[in-house]
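The structure under discussion appears below in the form of structure tokens.
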Amino acid sequence: MQVKMSGRTVSPVLVVALMLLTAGTVAAQQVTYNFMPGVNFSTFHTYKWVEIPGGVHPNQIVEQEIKQAVNNVLAGKGFTMVASDAKADLNVGYQCFIQQQRQWNAWGMGGGLRWGGMGSATSSTIDNGTLAVDFYNPSSQELLWRGSAAQTLDPSGNQPKDMNKLNKAVAKLLKNFPPNQQKKSGW
């Protein structure tokens, strides 16, 4: 069977293969954030890490990578991290949400007018993870700001590539922290 596209005959296997290949590139990191209205974020200068009860956390290596990425962005914004037993203006915590997703890899080539094309498609299961970072008032334990970045934690087996992806996602995630009080939140 052949498919005519723009006056040319194309193998359906090639069409399916191209559709599958482009479908994988559509998924991108989606970042959302929200904050408590009326909070004067300019009064906050220090923070410390806290554990969010019941939150999902990856292994110790990924936990350190997440904290390092957040620390780097916050330091660049003028925030100072203090020791866990010191008084801080903000408590910072994170949690991860992991889901499995099917990934399709396909290739193919058309065979022209007389011959059919040949191709192959394989599937694999990958873990896609969302990272959520929360900022709390230490006195009231009130959530002041929350941001999340989808498709941030999906280990590829290439640690430098994974760390680069995490750093980009955290920079994008914390781009709107502290929030500009003139703008509405990203929800």
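Among the listed pairs K48/K172; K87/K161; K87/K165; K67/K175; K87/K172, a Cα-Cα separation exceeding 26 Å is found for K87/K161; K87/K165; K87/K172. Peptides 55-62, 167-174 ranked from most to least packed give 167-174, 55-62, packing being the mean of other C-beta atoms within 10 angstrom over each peptide's residues.
Computed from the coordinates by the stated procedures, all read-outs in this text should not be read as laboratory data. For clarity, every value in this text was computed on a predicted model and none was experimentally measured. No Cβ is skipped: glycine too gets one built from the backbone with ideal geometry, and neighbour counts run over all protein chains shown.
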